[in-house]
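The values are calculated or read from the model by the stated rules, or taken from the named source; none is laboratory data. The model shown is predicted, which means the values in this text are computed figures rather than measured ones. Backbone-built Cβ (ideal geometry, glycine too); neighbour counts: all protein chains shown. Only protein heavy atoms, including side chains, enter the accessible area calculation; ligands, DNA and RNA are left aside. Shrake-Rupley method; radii C 1.70, N 1.55, O 1.52, S 1.80 Å.
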Amino acid sequence: MLLGAWELVGQMRLVGMTWPPFSTVVALLLDPSRSALFGRALSATLSSALAGYLIGAVAGLAFAMLGQIVPALRPGTDRATAVIHAIPSIALAPIFIVLLSRDAAPAALATLNAFFVFYVSGASGFASSTQTQRDLMSALGASGLKRFVHVDLPAAFPGIVSGMKLAVPAALIGAIIGEWFGAPRGLGILIVNAMQNFQIPLLWSVVVLVATTSLVLFAAMTLLERIVHERYR
């Protein structure tokens with residue numbers, strides 16, 4: 001219904017030239033002469049998003065583990081993460097360009113976006129073990145680290161996998177925003193160039209490509225989430 005409405009609005013020019021028909025957008029996206037352009041841009045964006053996703057996953061889960069293993073640090077890790085997340089990505093991009101480079105800015109913003117998602121999912125997942133389970137481990141003489149490995153970590157798997165799913169579009173968006181500030185290639189560059197040159201069909205084609213890529217990756221993580229929930233529920 002959404003795509004049908006899109007096509008109808010575009011064909012009837014209800015909002016002018018800024019809303020091309022969906023068929024025009026798809027035709028441009030599937031144009032063989034444009035495949036190399038879209039392929040290079042998609043590859044660059046996915047590389048930055050993947051790097052940010054992995055770094056953000058490691059950092060976010062490590063931060064969440066620290067707060068779980070050392071409870072006295074939990075308020076501090078929560079506040080630090082909230083402060084970092086409160087800063088708009090678009091404001092941090094110029095800082096990353098100065099501190100790192102234009103090439104590294106997309107991966108850095110993707111890292112920050114993924115970091116917050118993984119921290120929240122990890123922290124809430126680690127805290128999902130029951131008090132009965134924790135009391136049993138204490139009665140058996142288990143240390144805090146052993147309790148974390150044998151109780152808190154398995155209990156957190158469903159939450160962590162849910163975070164893995166939600167972090168995919170977050171990392172992708174971070175990478176695209178980072179590319180707006182002068183990265184040599186990527187889908188973000190195509191969006192900016194199409195907008196500046198008023199190439200409306202190209203702009204919408206890139207948007208459709210981004211949305212489709214995000215949905216495909218999101219669906220793959222949803223399948224993994226179902227498997228893990230069935231195993232650890």
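For the reader, a short list of remarks on this structure follows.
- Lys, Arg +1 and Asp, Glu -1 on Cβ, resulting dipole of the chain about Cα centre, debye, nearest 20: 260 debye
- Heavy-atom accessible surface of the stretch 163-225: percent carbon and sulfur, 1.4 Å: 76 percent
- For the peptides 112-122, 22-32, the ranking by mean Cβ contacts within 10 Å, running from highest to lowest, is 112-122, 22-32.
- Cα gyration tensor, the stretch 1-102 - rounded (a/c under 1.5), prolate or oblate: prolate
- Helical content of the chain, expressed as a calculated mean residue ellipticity at 222 nm, amounts to -26500 deg cm²/dmol (DSSP H runs of 4 or more residues, -39,500 (n - 2.57) each, divided by residue number, nearest 500).
- If R0 is 30 Å, the Cβ-Cβ spacing of LEU37 and HIS229 corresponds to a FRET efficiency of close to 0.15.
- For the pair MET17 and ALA91, the difference between a 0.36 nm per residue extended length and the Cα-Cα distance amounts to 23.5 nm.
- Note on the chain: with a GNM built from Cα contacts shorter than 10 Å, the maximum mean-square fluctuation among ALA156, ALA110, ALA167 falls on ALA156.
- Distance (nanometres) between label positions extended 7 Å along Cα→Cβ at ALA220 and ARG102: 3.0 nm
- Rg/Rh (Cα only; Kirkwood hydrodynamic radius) as it applies to the stretch 145-190: 1.34
- Length-normalised contact order of the chain in % [C-alpha pairs under 8 Å, at least 6 apart]: 26 percent
- Remark: the chain projects, on average over all directions, an area of 15.5 nm² (convex hull of Cα atoms).
- Descending principal axes extents, the stretch 160-233, alpha-carbon based, whole Å: 52, 22, 12
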